[in-house]
Amino acid sequence: MLSLLLGPQPNMRPPASAYDAHAGLARAGTPSTDRTRIGTLDVPWLGVGTIAWTDKLDRDPILNAALDEGLDLFDTAERYGAKATNLIPAALAAIGLPVGSDYLGGDTESYLGAQSKDATIITKFAPTPWRGDAKSVVDACRDSAKRLDRESVDLMQVHMPDIIQPFRAFGYENRREEAHWDGLAECYHSGLAKNVGVSNYGPTLLERAHHHLAKRDVPLASNQIHFNLLYRRQGSLAAIDKAKDLGVQTLAYYPLAMGLLTGKLTSSSLKEKIARNPNDTRSRELLRYLVGGKGGGFPNTAGDIPDGGIQPLLFVLHEIASRIGKTPAQVALNYIICKGVIPLPGASTVSQVKDNRGALGWRLSHEDVALLDAAADSLPFEFRGCGFQTADSKFVGYGFETWRLD
């Protein structure tokens, strides 16, 4: 049925010795041995995102489950752990405006530092108009290391291009990416960071960063980007290809598109949540992605989605998952791994950790990867996030600043 739906697909299965004809997947060792490298770091092919790990979440069981499952790679940032009420004050502070709260970020680094001494923890520095020199990166790295209770950070990344430009509307723009790269180099040579990377860089900026750091004898270890089955065409695949050419490891945030690719979100459950809280922007936009509909209101990240939403892709995803005995989430994550990218799915329950871990130890066949590629390409839109949690922009008080990987 899928071949009729999507047209002829190339027969590109792995060698017979590595291919399970009944299940339609290739073996990749065991989950515990399914590992790779980020620079000097030995890590699993799957990490754990911690953007939702506020102090209101019962984090201990989730952390312990991840470590028990061999998922000892955690992705965080200096502001992760912030409560929703702190997001707007933090955004205002980022552009230099006075705010009435001293608490502008999260405590996830401190939590991870205290509870997971032997894990690999990667973090990020966020560029702002008032943090535009190399010293700002070094100071941020030193502060992160202190919160992590370590002498050095495993991987220090620049969180995004220098896109927060509040005076751009008046014709003034001051991009300082090279200063940030100089800061990364100082972190690396001083031993404050074992590895350095970037985030949300497209192929052109990635190559510039790689070249700039190479001149200072600093290897660029990683580029963390938005990548999943619902976000591939707007420069993500090109950035991945460029990273491979340069020897840079790509990491993927939002690999499950905020739950849209897990198979667990339904239109009825989302409608119930909206009925209980009409101001639930996240659920309203997820519903629009799921089934289609007109956009409206602020921030209207999803925009207008054609009727049927992502159902054509979900049909293929569920068919493959059922045939090979995996969950839709596991197939969606394994698809990313098959592209040579380390997915960093968030986890707010123990069951999510265990489900995510099931993406390791095997690989989709080339034929099934091609089916998923074709189904994803058939959609006339891509996933941009929900509400203030966006995948190609950042809310910075006066509005959204956007970037494009291409």
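The values are calculated or read from the model by the stated rules, or taken from the named source; none is laboratory data. Nothing here was measured: the structure is a model prediction, and the numbers come from that model. Heads up, the Cβs are rebuilt from the backbone with ideal geometry, glycines too, and the neighbour counts pull from every protein chain shown. Please note that ligands, DNA and RNA were not included when accessible areas were found on the heavy atoms of the full protein model with its side chains. Shrake-Rupley method; radii C 1.70, N 1.55, O 1.52, S 1.80 Å.
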Which numbered condition residue 291 misses (of (1) open to solvent by 30 Å² or more (accessible area, probe 1.4 Å); (2) out of contact with any Ser or Thr (no Cβ under 8 Å at 6 or more places or on another chain)): (2)
Qualifying position, being assigned to a loop (DSSP other than H, G, I, E, B), surrounded by 21 or more Cβ atoms within 10 Å (Cβ to Cβ) and not acidic (Asp, Glu), among 296, 309: 309
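Across the range 291-325, what is the total count of residues that are touching a residue at least 60 places away in the same chain (Cβ under 8 Å) and charged (D, E, K, R)? So that I can check it myself, show each step before the final result.
The initial filter retains those residues of the range 291-325 that are touching a residue at least 60 places away in the same chain (Cβ under 8 Å), namely 299, 301-303, 305-306, 310, 312-313, 315-317, 319-320, 323-325.
Next, from what is left, pick out any that are charged (D, E, K, R): 319, 323.
Total satisfying the criteria: 2.
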Check on residue 221, open to solvent by less than 30 Å² (accessible area, probe 1.4 Å), touching a Pro at 6+ places or on another chain (Cβ under 7 Å) and assigned to a strand (DSSP E or B): no
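May I ask you to list the residues in the range 129-146 that are touching a residue at least 60 places away in the same chain (Cβ under 8 Å) and not aliphatic (A, V, I, L, M)?
In the first step, residues of the range 129-146 are kept if they are touching a residue at least 60 places away in the same chain (Cβ under 8 Å); the result is 140, 143-144.
Passing the criteria: 143, 144.
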The range 360-389, subset closer than 16 Å to residue 285 by Cβ and in contact with a strand residue (DSSP E or B) (Cβ under 7 Å, 6 or more places away or on another chain), residue most open to solvent (accessible area, probe 1.4 Å): 388
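Mind checking which residues of the range 24-54 are of a type in the set (D, E, K, R) and touching a Phe, Trp or Tyr at 6+ places or on another chain (Cβ under 8 Å)?
Once the filter is applied, which keeps residues that are of a type in the set (D, E, K, R) and touching a Phe, Trp or Tyr at 6+ places or on another chain (Cβ under 8 Å), the range 24-54 yields 27, 34, 35.
Return the total of residues in the range 234-265 being charged (D, E, K, R) and either within 27 Å of residue 352 (Cα to Cα) or surrounded by 15 or more Cβ atoms within 10 Å (Cβ to Cβ) (or both).
2
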Condition broken by residue 268, with the remaining ones in (1) among the small types (Gly, Ala, Ser); (2) without any contact (Cβ under 8 Å) to a residue 24 or more places away in the chain; (3) open to solvent by less than 20 Å² (accessible area, probe 1.4 Å) satisfied: (3)
Filtered residues of the range 41-68 (kept if more than 19 Å from the chain's Cα centre (by Cα) and over 29 Å from residue 364 (Cβ atoms)): 55, 56, 57, 58, 59, 60, 61, 64
Enumeration of residues in the range 353-370 that are among the polar types (S, T, N, Q) and more than 19 Å from residue 251 (Cα to Cα): 365
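Listed here are the residues, each with its yes/no results for (1) more than 27 Å from residue 377 (Cα to Cα); (2) touching a strand residue (DSSP E or B) at 6+ places or on another chain (Cβ under 7 Å).
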position: 182; (1), (2): yes, no
position: 186; (1), (2): yes, no
position: 196; (1), (2): yes, yes
position: 217; (1), (2): yes, no
position: 245; (1), (2): no, no
position: 252; (1), (2): no, yes
position: 256; (1), (2): no, yes
position: 264; (1), (2): no, no
Cβ-Cβ under 9 Å pairs, at least 6 apart or on other chains, the range 195-206 side open to solvent by 10 Å² or more (accessible area, probe 1.4 Å) and among the β-branched types (Val, Ile, Thr), far side modelled with pLDDT of 95 or more and not in a helix (DSSP H, G or I): none
Residue check for residue 154: under 28 Å from residue 333 (Cβ atoms) and without any contact (Cβ under 8 Å) to a residue 12 or more places away in the chain: no
Selection count where residues are open to solvent by 70 Å² or more (accessible area, probe 1.4 Å), over 18 Å from residue 343 (Cα atoms) and β-branched (Val, Ile, Thr), scope the range 36-85: 2
